[in-house]
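Each remark here refers to the structure printed beneath this line.
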């Protein structure tokens, strides 16, 4: 009797183990290394625990932007309002800014094409500033997302979905 119980337990554990090992692992949304962040759209106020960001405009550059356009490329300009959402003076190194198309191709903005360049320092509680990023992309590039990742890694990222009506081109 003890032998048949032991045999039954062994067979049961083997079957359970095989079933568990054949199940597919649960995928991690966004990839295993995706930074923590806040997602939203244009016109929606986003808050990452420290910075309040209001994406305002996404457009192709114009003559007033005074940019040189290489052949086969264009400039896309992103503008947002930002403010200190903390109760203390706030310092933040500039964002690493990327723009993404429907295929998932991502283009990072050159650091000298971000304003304010270098970051913001000593911003009082509720104090505001304007974020502007200029992206050099292929002529046929159609943006679907903008990702602003704080350079210092101390603040959550912003992921802004670009709807067709958000992009003035």
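FYI, it's all coordinate maths here, none of it is from the lab. No experiment lies behind these values; they were computed from the predicted model shown. Because the Cβ atoms are built from the backbone with ideal geometry, glycine has one as well, and the counts that use them run over all protein chains shown.
Just so you know, the averaged projected area of the alpha carbon convex hull for the stretch 36-168 sits at 7.8 nm².
Report the calculated FRET efficiency for residue 132 and residue 73 (r = Cβ-Cβ distance, R0 = 22 Å), to the nearest 0.05.
Working: r = 19 Å, r/R0 = 0.85.
In this case the efficiency is close to 0.70.
Here the stretch 88-118 is scanned for amide nitrogen atoms under 12 Å from the site 7 Å beyond the Cα of residue 65 along Cα-to-Cβ, giving 113-114. Taking 7 Å steps out from each Cα toward its Cβ at residue 81 and residue 39 produces label points 2.6 nm apart. The percentage of C-alpha pairs in the stretch 101-146 whose separation is greater than 17 Å is 48%.
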